[in-house]
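Trainee: Mind having a look at this structure? Questions to follow.
Coordinate-derived values only; no laboratory data. Here the structure is a predicted model, which means the values were calculated and not measured. When we count neighbours, we look across all protein chains shown, and the Cβ atoms used for this are built from the backbone with ideal geometry, even at glycine.
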């Protein structure tokens, strides 16, 4: 029995029961170990939660860094980053559920170690939006607010996304990107409305 297998089982249990309702005995049963043997692999339930949260963010960061390093326009970066982020959520429902719903269950010492990694995710989105502002593609005077709004929309999908739904993960991500571009594109690039001078 490997630590990774234990973490995978724990993620499923946390998703199904919630962190506080889940027990170390539940996890031990899921991997066919005695509870005492489980402690040879992990120190505590908090240790498991922290490991799952960090694993999730590292996977997300790897995808986002791959996008942010590309020599493409900020507009295309936003689209690809949206796809990359949403594909992680869609492909890893248990990890995503733990990441987004159980973060507040971390005890202060663990949370203090975990926050910098969360900040790195937000920072990548902010930097792409700031780059778009600099290059004149976006009109987003508050990049931090925009990044939080975008992440909020993406994160909420864990409550309703279905793999067998009418749209694929990539199609949903593109719909979200298009929605945000309507608010990000420089007003000079938008057609005039009835209230604008022609």
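Trainee: If packing is taken as the mean number of other Cβ atoms within 10 Å per residue, what is the order of 155-168, 70-83, highest first?
Mentor: Top of the packing list down: 70-83, 155-168.
Trainee: Taking the simple approach of a point 7 Å from Cα along Cα-to-Cβ for both residue 149 and residue 117, what is their distance in nm?
Mentor: 3.0
Trainee: For residue 171 and residue 101, calculate 0.36 nm times their separation in residues minus their Cα-Cα distance, and state this gained length in nm to one decimal. Please report the intermediate quantities before stating the final value.
Mentor: Numbers: separation 70, 0.36 × 70 = 25.20 nm, distance 2.46 nm.
Residue separation times 0.36 nm, minus the Cα-Cα distance, leaves 22.7 nm.
Trainee: Quick one: among 101, 145, 89, which has the greatest mean-square fluctuation in a GNM of the chain with alpha-carbon springs under 10 angstrom?
Mentor: The residue with the greatest mean-square fluctuation here is 145.
Trainee: For labels at residue 4 and residue 70 in the simple 7 Å Cα→Cβ model, what's the distance in nm?
Mentor: Between residue 4 and residue 70, the simple spin-label model gives 2.7 nm.
Trainee: Fully extended, how many nm does the chain gain between residue 182 and residue 17 (0.36 nm per residue separation, minus their Cα-Cα distance)?
Mentor: Going from the current span to full extension adds 55.5 nm.
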